[in-house]
Structure formats: structure tokens, C-alpha cells
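The values are calculated or read from the model by the stated rules, or taken from the named source; none is laboratory data. Note that the structure is predicted; figures quoted are calculated from it, not measured. All Cβ positions, glycine included, derive from the backbone under ideal geometry; neighbour counts span all protein chains shown. Ligands, DNA and RNA are excluded from the accessible area calculation, which covers all protein heavy atoms including side chains. Shrake-Rupley method; radii C 1.70, N 1.55, O 1.52, S 1.80 Å.
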Amino acid sequence: MNISDEKLIKDINQLPKSEKEVMILHYNKELSFDKISELLNITETEVLDIHTKAFNKICDSVIKNHHFS
């Protein structure tokens, strides 16, 4: 199963700013959640919560819209 990069990027770009930022920092910039918390000046727990919300939204979108190539 492959997910279209273009559609995945579209889903990420539709996230609220904080969720988008965490996803980009973690997956694109390959920063740890600890480093992201330092960079954004929030707790690691908050980063994890934001990541979980964003990840779930993207998964839901992929399932709902069948973003498979």
C-alpha cells in the first residue's frame, strides 16, 4: 500500500498551525519530541498530544479519502 505523497502533503498542509509544525519538525526535520518541545517552548507531553491529534487526523483522511496509489 502506497500513499500518494502529494495527497499526504495536502493533508498535512490542512492541519492547524501547531499540528503542522510538529509533524514537519518530527518527520521532515527528524527532530525528537524532546527537541521539538525545547524549540517550541512547550512541554514534551504537549508535543506528544499535538502529534497524536495530527497523526489521527491524517490517518482518518487517508482512510476516508482512500489516498492510495
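Normalised per residue, the accessible area of the chain is 73 Å², obtained with a 1.4 Å probe and no contribution from ligands, DNA or RNA. Residues whose amide H falls under 5 Å from that of L31, counting only those 5 or more places apart or on a different chain, are H26, with hydrogens built in the peptide plane. Along the axis of the charge dipole computed for the range 12-56 (Cβ charges of +1 for Lys and Arg, -1 for Asp and Glu, origin at the Cα centre), the listed residues H51, Q14, L40 are led at the positive end by Q14. The fraction of accessible area contributed by carbon and sulfur in the chain is 53 percent, rounded to a whole number (1.4 Å probe; ligands and nucleic acids excluded). Normalised by the number of residues in the chain, the average gap of Cα pairs under 8 Å and 6 or more apart makes the relative contact order 47 percent. For the chain, a simple Cβ point-charge model (Lys and Arg +1, Asp and Glu -1, everything else neutral) yields a dipole of about 300 debye relative to the Cα centre.
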